[in-house]
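The values are calculated or read from the model by the stated rules, or taken from the named source; none is laboratory data. Remember, it's a predicted structure, so these values are computed and weren't measured experimentally. Backbone-built Cβ (ideal geometry, glycine too); neighbour counts: all protein chains shown.
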Amino acid sequence: MGKIINHANTPTQPRTGSVSSIGGDSEAIGKLTAKMEKMEKKMRKLEERLEKLEKLAEEESNEELI
């Protein structure tokens, strides 16, 4: 006897879509790409701030040793 596997992510019927729904998918991908780029830019800024803070903390600890 074979097992019937139907996970939540497994469609029971092939996906059918019109051209407009495919266009909608590419629009959503475009929006997500723009959001990802924005988040990467924020991350770079935060990394730069972190580096500055680490440098300041190192300088302060060196001054305390003097």
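The condition (being part of a helix (DSSP H, G or I) and at pLDDT below 95) is satisfied by just one residue among 52, 31: 31.
One residue is enough: does region 10-21 have a residue meeting the conditions outside any loop (DSSP other than H, G, I, E, B), modelled with pLDDT of 65 or more and on the phi < 0 side of the Ramachandran plot? No, region 10-21 contains no residue that is outside any loop (DSSP other than H, G, I, E, B), modelled with pLDDT of 65 or more and on the phi < 0 side of the Ramachandran plot.
Taking every residue in region 25-49 that is free of Cβ contacts under 8 Å to residues at least 60 places away in the same chain and pairing it with any residue that is hydroxyl-bearing (Ser, Thr, Tyr) and outside any helix (DSSP H, G or I), at least 6 positions away or on another chain, yields no pair with a Cβ-Cβ distance below 7 Å.
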